[in-house]
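Heads up, the thing below is written out as structure tokens.
Read the figures in this text as sums done on the coordinates, not as results from a lab. No experiment lies behind these values; they were computed from the predicted model shown. Every residue, glycine among them, receives a Cβ derived from its backbone with ideal geometry; neighbour counts consider all protein chains shown.
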Amino acid sequence: GSGLVGSEMCIRDSVGEAHFFRAYSYFDLLQFYGDAIIITQPLDVTSPELRVAQNDRSEVADFIIEDLETAAPMLPRFTELTTDDAGRISREGCWAFLSRVALYEGTWQKFRGNEERGRELLDIAAKAAKQVIDSKAFSLFKPDALKEKAQKYMFILEDAKSNPCLLYTSDAA
């Protein structure tokens, strides 16, 4: 274990979630605007930071990546989440989002002639995705009953007609 007691874990998890959701919000800004003002502290309506120039999109991307890299070790593993925690972000979810962010920005940079920056970001994406894979918390949809047809039925398991083996239903034997 981490050696943390209940309240310390709760605080750690909350701080990790705050970093994750700030990164999530900034990713929206990155996709919509590219450049954005990076704010790291609470502001008042008269704060001079509200009237500064936008940060360059590379700085915004690095800020998002830093937030996600900070958040990941603070968050519980997916296997540690209980039913009561359903919908909360896990460490693996954070890594998956980090991979998504770095893939998005890496390809954006690559196809605008910034090959080195693109490679750096795509490497971050690959390493974050590998963290999810190595966690072994998830697996590909490939039930033995469907054999090579598994991909065909991945999203249509509602009834007997679309679910020939009655997988994941109350009618299953």
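Of the peptides 42-51, 107-116, how do they stack up when ordered by the mean number of other Cβ atoms within 10 Å, highest first?
107-116, 42-51
For segment 72-143 and segment 13-37, what is the centre-to-centre distance using only Cα atoms, to the nearest Å?
Each part's Cα centre sits 15 Å from the other's.
Tell me, what HN-Hα J-couplings in whole Hz come from the Karplus equation 6.51 cos²θ - 1.76 cosθ + 1.60 at θ = phi - 60° for each residue of segment 101-111, using x for Gly and Pro?
These are the phi-based 3J(HN,Hα) values: 4, 5, 5, 4, 6, x, 6, 4, 5, 4, 7 Hz.
Given a Förster radius of 41 Å and the C-beta distance between Ala150 and Gln54 as r, what FRET efficiency does 1/(1 + (r/R0)^6) yield to the nearest 0.05?
Computed FRET efficiency for Ala150 and Gln54: 0.30.
Taking 7 Å along the Cα-to-C-beta vector as the label spot, tell me the Asp44-Ser25 distance in nanometres, rounded to one decimal.
Output for this residue pair reads 2.0 nm.
Give me, ordered by chain and number, the residues 5 or more places off Asn55 or on other chains with an amide H under 5 Å from its own placed amide H.
Ala36, Ile37, Ile38
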